[in-house]
């Protein structure tokens, strides 16, 4: 079975540019999570969706960050304008509400470097 | 107080020894507990979960849960160099599938 698919795997861009990260969750999963990971702050939850609806975006650091989930199989995280401090690895994860235990499954991540 | 706390390490054990990784959590209502392994430059990979008090064994891995003490641990028996990674503890507080992650414990298994 296909896991969570993220693209691109690597992104290098100059500050001020718009960055768009993409995620395809596991088919049938109804929760989708966006995380950011840095050495200093570890794994931080940015936002999560349930049935395509944003549930909690309190982790989104600034208005420069936005996320959408137009359908059950696709989500985007945008940063506009990007800044060097946004450099991090961004992970998407998905899970299902079914079953007593609902583990989150992670994609391979997007390594973002803002110059 | 952080929701989930782990010793950051690094933890070093010789090959063949038992590695013990510990995690405490603050939300007493938490229901499910997860251990993820993350190799350098890779994504977190689920290795075990537990939701009942006691021990759960899967191969060389044993998860232990004590809800009264709000404590969960992971034991790795017969540690191998390939077990060298960061281990993340995650807790499901039973509020909408959101997890609380610890900062991870770095484990090095020395050949």
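Just so you know, all these numbers are worked out from the coordinates, no wet-lab data involved. None of these values were measured; they are calculated from a predicted model. Neighbour counts run over all protein chains shown; Cβ positions are idealised from the backbone, glycine included.
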Task: Ranked list, fewest to most other Cβ atoms within 10 Å of each Cβ, for A:45, A:32 - done: A:45, A:32
TODO: Please average, across the residues of B:32-38, the number of beta carbons from any other chain that are within 10 Å of each residue's own beta carbon, and give a whole number.
DONE: 2
- [ ] Report the normalised scattering of chain B as log10 I(q)/I(0) at q = 0.20 Å⁻¹, calculated by the Debye formula with identical scatterers on the alpha carbons.
- [x] -1.02
Open item on the list: Which of A:15, A:69, A:39 ends up with the largest GNM mean-square fluctuation for chain A, with Cα atoms connected below 10 Å?
Closed with: A:39
Task: Inter-chain Cβ neighbour average for residues A:42-54, partner chain, 10 Å - done: 2
Open item on the list: For residue A:39, project a label point 7 Å along Cα to C-beta. Then give me every residue of segment B:56-86 with its amide nitrogen under 14 Å of that point.
Closed with: none
TODO: Report the residue, chosen from B:58, B:78, B:92, that carries the largest GNM mean-square fluctuation when chain B is represented by alpha-carbon nodes joined by springs under 10 Å.
DONE: B:58
Task: Ratio of the Cα radius of gyration of chain A to 2.2 N^0.38 Å, where N counts its residues - done: 1.02
Task: For the protein assembly as shown, alpha-carbon Rg and Dmax in angstrom - done: 17.7, 52
Task: Cα centroid separation, segment A:27-87 to segment B:89-111 (Å) - done: 19 Å
TODO: Return the FRET efficiency for the residue pair residue B:82, residue A:5: r is the Cβ-Cβ distance, R0 is 30 Å, and the value is rounded to the nearest 0.05.
DONE: 0.70
Open item on the list: Calculate the FRET efficiency for residue A:87 and residue B:106 from the Cβ-Cβ distance with a Förster distance of 35 Å, rounded to the nearest 0.05.
Closed with: 0.95
